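Q: Take a look at the following structure, please.
The values are calculated or read from the model by the stated rules, or taken from the named source; none is laboratory data. Note that the coordinates shown come from a computational prediction; the quantities given were computed from them, not determined experimentally. No Cβ is skipped: glycine too gets one built from the backbone with ideal geometry, and neighbour counts run over all protein chains shown.
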Amino acid sequence: MNTFLEALLNGWWQGILLTLLVWLVLRDLPRISAATRLALWHTTLLVVLLLPALQRIPLPHWGPAAAIPPAVTAAAPAQQNTAPVQARDLPAPTPTSPTPVMELHEDPVEVLLFLCVAMALLKLLRLAIGYWAVRRLKRKGRRVDVTLPMAMARSIDVILSDDIGMPMAVGYFRPAILLPRGMADRLTAEELRYVLLHESAHLRRNDDWMALIERIVRAIFFFQPAVYWISRQIEKEREMACDDWVIAEAGETKPYANSLARLADLASQGRVPVLATGAGKRKQIFARLETMLDRTRNCVPSVSEPLVIVAGIALWFVVAQGSAFNHLLGLSKYSSRWVESDGVQKREIKMRGDVEFTANDRDVEKMSPGGKLVVETSQGWLVRRVEFDADDQGNIKRSYFSNGTARPFDAEARRFLDSALPQWIRERGDNIPERLSRMTQEKGVDAALEDVRTIRGGHVKRAYLEELFVQAQLNVGQMRRVLKIGSGIDSDDEKRKFLENVHGRLAGRGVDAQVLGFIDSIHSDRDRRQLLLNALNLRLIAEQESPRLFQTAGRINSDGDKTAVMLQAVQLAKTRLPAEFFEAASTIHSDGERERLLSLTLTVHSGDTETVARALRASASMASDEHKAKVMVVAARGVRSNHETMREVVSQALTIASDREKSHVLLSVAARFAQQEPLRHDFFSALNTIHSSADQRSVLMAILERPDADRETLLEVSRSASAMTSKEDQSAVLKRLADRR
């Protein structure tokens, strides 16, 4: 994202410079025709738009270092156990193509890009509205039968309109020439002929389509002043090119100039659609007249194609090759560039050709002839730089600079390289197995871990940590440290891949808490869910750590991901679920997901009274009576003569507002109803809170269907029936009660 925006921002000011250069050149070449100038401005616009892309493409460079032969041995300080690293093979974390001069290192660029996209969409919406405005003008106007003064390949209507003040040409699929109704009546036949000639020229040259493309470009690249300036020049030269075409068609200038003057005199204020072509203001007409009457200018209506081709090649050459512009336009004489900034210190390393480093990564062993390596850091006012230059024989010259001043390549320069070069090589991630093996042999595992900790790139850090598990026999303390370092990786995806690749080496090693802490550091719900499921399925987490596991699951924001983890935990649990499980279940906002989880929990653990009670309490805060009732029904159907659980179900049923859902719960209880106090009292107390006689009747009938209903239960049925508001339902219950007796 940053690289893309860097290219756009560089293209912003680079496009301004390039546009200014073209304007200065064209200003001093007055003998170029308007049609040719128009083509040149179109070419310039294309180059300005492509500048961000040109910055990312290595263009050919004709110079002394165009071709670099393979690396050869250089005169470098003697080192043992050299480990060659070819720069062209390095999986660099940043693109190796030329990098723009302007860099961005802050996340707010995403906000800026969003605002730019929003603004561009608004401007495109304005164009869409303008299109409908043009269609409305054509639909409201009155078509007239006028023969155009030239043959046209497109079918064109001439329309009189009361809503415009100047003649104009409009497209696209049904092009038309719009004329102000009052003006058309006051123009002479010759003046009208010239007006129609000019507007027909626009449509014959397909200026309506070209103008549409230009306005779309201007809407998208609204932040680029060069695009706006070029568009204004294109509009000006387009009108002059049509004027030249009319003069060439008429064979003389003065009558056409008189017609334009008459047109300016008759012009009035009126609507000018944003997508109209050929519409102008009186001031613009007078400027065209002044230019038209200049006898020294070139008024040829055709384009000088050779001149446009040469100019296009020259523009490309300036962008690609101009030594004064290579730096300004974001190009570089280096084949690779790496920049890092943390807001305090900035490091930059540029390279050309092939480079081999010494085994300890603190110096350069070999460079290809003509190669170059620049290592630079800046912190505050202090800027330090080391340059490695290889001559035609590959001999290396080392230079050290402090704040731009050349200094001897002494101990201070060595210390600078010792701090900057190894870190960069590690960040590149080349030859990780060999380098890690050397690090552990020379310094030990703990020292190697400290080096790995300083690596900023998440992908490279993960690769080093995974390789540690392959090469070293890590003890528990070292494994815990590896997990702590891994939790500092900035990418959730890299963290997930790391734990998935090493989880087989963590099982049973006593690092369960650290594994859960690692998973806790992941922000992505999807990745956290996947790792927790893996930990459950592979039994990575011991039973005593299950409370911590459910706390980690409870911090997942997505209800679906959280539920998936906890469903798997329910199915795999061999002991009673801890209280943390139900606390996590209570954080599920979706009643449907919570009901699914609690229903499975009650089904699998129906024989555990405490689990059932906790599940019912976890359902109490659900907003949906339907889902809440489903949980209670599952609980009632799962218990076996457990009065305490039944009382809990009846008690929770009182929190249900819906008569229908409450009756469903009581029906489930009635089917397994134990004829004993105090359950009987609680049951009928809940039943009497149902307002619907029909729902009361269904519950009472279910009790009467039980052959084991005792005398006290039947008395309660009679009392409840006597309080029913519906006589029909009351009669049905009392009749069934009488039959029982």
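Q: Considering only residues that are within 44 Å of the chain's Cα centre (by Cα) and among the hydrophobic types (A, V, I, L, M, F, W, C), look in the range 165-174 and name the one that is surrounded by the fewest Cβ atoms within 10 Å (Cβ to Cβ).
A: We begin by selecting, within the range 165-174, every residue within 44 Å of the chain's Cα centre (by Cα); these are 168-174.
Filter once more, keeping what is among the hydrophobic types (A, V, I, L, M, F, W, C): 168-170, 173.
Details: M168: 26, A169: 25, V170: 28, F173: 5.
Across the range 165-174, the extreme among qualifying residues is F173.
Q: Being in contact (Cβ under 8 Å) with a residue 24 or more places away in the chain and under 30 Å from D493 (Cβ atoms) is true for just one of A420, A390, A413. Which residue is that?
A: On the way: A390 fails: under 30 Å from D493 (Cβ atoms); A413 fails: under 30 Å from D493 (Cβ atoms).
Criteria check complete, one pass: A420.
Q: Mind counting the residues in the range 175-221 that are crowded, with 22+ Cβ neighbours inside 10 Å, of a type in the set (V, I, T) and touching a residue at least 40 places away in the same chain (Cβ under 8 Å)?
A: 1
Q: How many of the residues making up the range 245-260 are closer than 16 Å to P149 by Cα and either assigned to a helix (DSSP H, G or I) or of a type in the set (F, W, Y) (or both)?
A: Residues flagged as closer than 16 Å to P149 by Cα and either assigned to a helix (DSSP H, G or I) or of a type in the set (F, W, Y) (or both) within the range 245-260 amount to 9.
Q: Follow-up. Under the condition of being of a type in the set (V, I, T) and part of a helix (DSSP H, G or I), which residue from the range 662-711 is farthest from the chain's Cα centre (by Cα)? Show your work before the answer.
A: Kept after step one, since they are of a type in the set (V, I, T), are these residues of the range 662-711: 665, 669, 689-690, 699, 703.
Now restrict to residues that are part of a helix (DSSP H, G or I): 665, 669, 699, 703.
Details: V665: 48, V669: 53, V699: 57, I703: 61 Å.
Looking at the filtered set, the residue picked out is I703.
Q: For E467, which of the numbered conditions (1) of a type in the set (D, E, K, R); (2) under 22 Å from E340 (Cβ atoms); (3) in a helix (DSSP H, G or I) fails to hold?
A: Condition not satisfied by E467: (2).
Q: Another one. Can you pull out every residue in the range 112-150 that is under 30 Å from A189 (Cβ atoms) and β-branched (V, I, T)?
A: V134, V144, V146, T147
Q: Can you spot a residue in the range 701-717 that is over 19 Å from V669 (Cβ atoms) and among the small types (G, A, S)? Break it down stepwise before answering.
A: The first filter runs over the range 701-717 and keeps only residues over 19 Å from V669 (Cβ atoms), leaving 711.
Applying the additional criterion that residues be among the small types (G, A, S) yields none.
Within the range 701-717, not a single residue is over 19 Å from V669 (Cβ atoms) and among the small types (G, A, S).
Q: Go through the range 34-52 and give me each residue that's under 15 Å from M210 (Cα atoms) and without any contact (Cβ under 8 Å) to a residue 60 or more places away in the chain.
A: Within the range 34-52, just L46 meets the criteria.
Q: Can you name the number of the only condition in (1) modelled with pLDDT of 85 or more; (2) surrounded by fewer than 18 Cβ atoms within 10 Å (Cβ to Cβ); (3) not aromatic (F, W, Y) that K236 fails?
A: Of everything listed in (1) modelled with pLDDT of 85 or more; (2) surrounded by fewer than 18 Cβ atoms within 10 Å (Cβ to Cβ); (3) not aromatic (F, W, Y), K236 misses just condition (2).
Q: Taking interchain pairs and intrachain pairs at least six residues apart, which have beta carbon atoms under 6 angstrom, with the first residue in the range 681-692 and assigned by TED's automatic domain parsing to the domain that holds D659 and the second charged (D, E, K, R) and at pLDDT 90 or above?
A: From the range 681-692, the pairs are I690/D659; I690/K662; H691/D659; S692/D659.
Q: Could you please give the count of residues in the range 553-563 that are surrounded by 18 or more Cβ atoms within 10 Å (Cβ to Cβ) and either β-branched (V, I, T) or over 20 Å from T611 (Cβ atoms) (or both)? Write out each step before concluding.
A: The first filter runs over the range 553-563 and keeps only residues surrounded by 18 or more Cβ atoms within 10 Å (Cβ to Cβ), leaving 553-554, 556, 559, 561-563.
Restricting the remaining residues to those that are either β-branched (V, I, T) or over 20 Å from T611 (Cβ atoms) (or both) gives 556, 559, 561, 563.
Going through the range 553-563 one residue at a time, the tally reaches 4.
Residue-wise test of (1) surrounded by 17 or more Cβ atoms within 10 Å (Cβ to Cβ); (2) outside the structural domain of A635 (by TED's automatic domain parsing); (3) closer than 11 Å to M566 by Cα; (4) not basic (K, R).
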{"site": "L577", "(1), (2), (3), (4)": "yes, yes, yes, yes"}
{"site": "F581", "(1), (2), (3), (4)": "yes, yes, yes, yes"}
{"site": "A584", "(1), (2), (3), (4)": "yes, yes, yes, yes"}
{"site": "H589", "(1), (2), (3), (4)": "no, yes, no, yes"}
{"site": "S599", "(1), (2), (3), (4)": "yes, no, no, yes"}
{"site": "L602", "(1), (2), (3), (4)": "yes, no, no, yes"}
{"site": "H605", "(1), (2), (3), (4)": "yes, no, no, yes"}
{"site": "D608", "(1), (2), (3), (4)": "yes, no, no, yes"}
{"site": "R614", "(1), (2), (3), (4)": "yes, no, no, no"}
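Q: How many of the residues making up the range 689-717 are surrounded by fewer than 17 Cβ atoms within 10 Å (Cβ to Cβ) and at pLDDT 90 or above? It would help to see each step written out before you state the result.
A: Just the residues of the range 689-717 that are surrounded by fewer than 17 Cβ atoms within 10 Å (Cβ to Cβ), to begin with: 689, 691, 694, 705-708, 710-712, 714-715.
From what is left, the residues that are at pLDDT 90 or above are 689, 691, 694.
Looking only at that region, the number is 3.
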